[in-house]
Amino acid sequence: MNYSQPTEEERCTATSKQNARRCLRYHTAGMTVCYYHGGAAPQTKAKADERLAVMADRALELLADEMEIATSSRDRIRAAIAVLDRAGFGALRRIELTPGSLDAEIARLESELAELDP
């Protein structure tokens, strides 16, 4: 399988303590580090969500400006849409489950299915 290497902007900014080389993994959305170098930490995720929410406001402004101007600048619109998607404003629905909430979510879905079944 052929995997592409991240660009400099997409790379994790963490460096190895052993050889001082930079990590080769992609950084996590809204962060500068990958999953293994702190991108999975709850406080890091919360801060990234804050940054993405601020970016989403600007992306909405950009889309509004683009609709008024009606010029073709695909790159700016694609960037705005990407920010909106990552901030939770995209077309897909994201469900985050913790071990404690999994049983409650299963029960809720089962009750919805029971209501649909005649």
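Any read-out appearing in this document is the output of simple, stated calculations on the displayed coordinates, not a laboratory observation. These numbers come from a predicted model, not from an experiment. Heads up, the Cβs are rebuilt from the backbone with ideal geometry, glycines too, and the neighbour counts pull from every protein chain shown.
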Within the range 25-49, backbone nitrogen closer than 15 Å to the virtual label 7 Å beyond the Cα of Lys17 toward Cβ: 37-38
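Under the 0.36 nm per residue contour assumption, what length would be gained going from the current alpha-carbon distance of Ala64 and Thr98 to full extension?
Roughly 8.6 nm would be gained on extension.
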Least to most buried among Val54, Val33, Val83 (fewest other Cβ within 10 Å first): Val54, Val33, Val83
Residues whose placed amide H lies under 5 Å from that of Arg11, excluding near-sequence neighbours: His27
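By count of other Cβ within 10 Å, fewest leading, how are Thr13, Thr44, Thr98 ordered?
Neighbour counts put them in this order, fewest first: Thr98, Thr13, Thr44.
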